[in-house]
């Protein structure tokens, strides 16, 4: 492909990312990932913040993962400080997909407890991917402050994030299982149950945890 042709294709793709039709934006995002060009990075990140279509957002994230982390990571780290919730959420989601641990300092306690559930869930997923070796227990302690938060989908996201940290979470969960708040105790017990028996499913784990809490027990299994 000649340089002039490549410039034309890049310009067309950049313009198409703002097209009113989601199918056109999707093709443009695919083109940006198929033929990475540094000129795409800012526009892809900008579009992530406002793109209404889930499939297009996922393709924008994929396109960003196809570009050099030296270009994308610093820009995404800036984006997690945006006032727009979708911008923060998508930037965190993309950082989790890139997996470059240089982004770890950007995963702040404020993001892990963000008032917007989607932002918090994205931060939890990013944190467990990016956490440096040896800092898992500290991260578990911060994540545990969110136990009992939100609806079932949000609680499942947090449980999965904690479980991804491994056995290091058990002490934290057992402390949370004595919390004064029943929702916190239930969520802690359900998370431990799900960790020990993934096949049981979260719904079953939650219902069992509710019964244990109602009976006034901690319900820990051995060791």
Filter region 146-183 down to the residues that are under 13 Å from residue 202 (Cα atoms) and exposed (fewer than 15 other Cβ atoms within 10 Å of the Cβ) and list them by number.
151, 152, 153
All but one of (1) under 13 Å from the mean Cα position of the chain (by Cα); (2) more than 19 Å from residue 138 (Cβ to Cβ); (3) buried (at least 20 other Cβ atoms within 10 Å of the Cβ) hold for residue 79; state the number of the condition that does not hold.
(1)
Taking region 11-29 and keeping residues out of contact with any helix residue (DSSP H, G or I) (no Cβ under 6 Å at 6 or more places or on another chain) and assigned to a helix (DSSP H, G or I) leaves 11, 12, 15, 23, 27
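Where a number appears in this text, it was derived from the coordinates with a stated rule and is not lab data. Everything quoted here is computed from the prediction, not taken from an experiment. Every residue, glycine as well, gets a Cβ built from its backbone with ideal geometry; the counts of neighbours run over all protein chains shown.
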